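What follows is a set of notes on a single structure, which appears directly below.
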Amino acid sequence: MMSFRTMFDATRAAGMVLTGGIVVGAEQFLVAVDDRKLRAERGEPQLPEFVLAAPSAPPIAALVYGKLPADELAGTGLCVSGDAAAAARFIDLFHLPAKAH
C-alpha cells in the first residue's frame with residue numbers, strides 16, 4: 001500500500017471517483033480515489049467496484065506496475081473481480097518512472 005501512495009499519479013485521477021479492494025493473502029485493504037486523492041488503508045471496503053486478490057504481493061505489483069495482463073498472471077493466483085473497467089482505470093493511475101541511463 002505504501003508503493004501505491006508513492007507511485008500514485010494524481011493528474012490521471014482528476015475527476016475520478018472509485019473504490020476497490022486489494023487482498024494479499026489474508027490481509028484486506030481499501031483503495032479509494034476521489035478527484036486526485038488516494039486512500040489506501042487496511043480494512044474491508046464496502047461495495048467495492050473491483051477487487052484485486054493474490055496469495056502474495058508480487059502478482060498484484062506485476063499487474064499494476066508491470067502492466068502485465070491479468071490472464072497472464074492467473075497461474076500466480078491473481079484474481080481480478082468486479083468491474084474490469086474500474087480496475088483498469090485504477091491500474092492506469094500507477095506508472096514506474098523511466099529508468100536512468
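The values are calculated or read from the model by the stated rules, or taken from the named source; none is laboratory data. Computed from a predicted structure; not experimentally measured. When we count neighbours, we look across all protein chains shown, and the Cβ atoms used for this are built from the backbone with ideal geometry, even at glycine. Surface accessibility is based on the protein's heavy atoms, side chains included, excluding ligands, DNA and RNA. Shrake-Rupley method; radii C 1.70, N 1.55, O 1.52, S 1.80 Å.
Filtering region 73-83 to residues that are farther than 21 Å from Phe4 by Cα and modelled with pLDDT of 95 or more leaves only Gly75.
Determine if region 58-65 includes at least one residue that is open to solvent by 50 Å² or more (accessible area, probe 1.4 Å), at pLDDT 95 or above and under 28 Å from Ala98 (Cβ atoms).
Yes: one or more hits.
Can you find a residue that is among the hydrophobic types (A, V, I, L, M, F, W, C) and closer than 18 Å to Leu96 by Cα anywhere in region 18-33? Show your work before the answer.
The initial filter retains those residues of region 18-33 that are among the hydrophobic types (A, V, I, L, M, F, W, C), namely 18, 22-24, 26, 29-33.
Keeping just the survivors that are closer than 18 Å to Leu96 by Cα gives none.
Within region 18-33, not a single residue is among the hydrophobic types (A, V, I, L, M, F, W, C) and closer than 18 Å to Leu96 by Cα.
Within region 1-22, residues that are charged (D, E, K, R) reach partners that are modelled with pLDDT of 90 or more with beta carbons closer than 7 Å, at six or more positions or on different chains, in the pairs Arg5/Leu38; Arg5/Ala40; Asp9/Leu93; Asp9/Phe94; Arg12/Asp92; Arg12/Leu93. Filtered by the rule that a residue be within 20 Å of Gly82 (Cα to Cα), surrounded by fewer than 19 Cβ atoms within 10 Å (Cβ to Cβ) and of a type in the set (Gly, Ala, Ser), region 8-55 gives Gly25, Ala26, Ala32, Ala40, Gly43, Ala53.
Matching residues to (1) out of contact with any Phe, Trp or Tyr (no Cβ under 9 Å at 6 or more places or on another chain); (2) not in a strand (DSSP E or B):
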site: Ser3; (1), (2): no, yes
site: Val33; (1), (2): no, no
site: Leu52; (1), (2): no, no
site: Ala61; (1), (2): yes, yes
site: Gly66; (1), (2): yes, yes
site: Ala74; (1), (2): yes, yes
site: Ala87; (1), (2): no, yes
site: Phe90; (1), (2): no, yes
site: Pro97; (1), (2): yes, yes
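Does region 35-45 hold any residues that are in a loop (DSSP other than H, G, I, E, B) and modelled with pLDDT of 95 or more, and which are they? Give the derivation first.
Step one: filter region 35-45 for residues in a loop (DSSP other than H, G, I, E, B), giving 35-36, 43-45.
Those that are in a loop (DSSP other than H, G, I, E, B) and modelled with pLDDT of 95 or more: Asp35, Arg36, Gly43.
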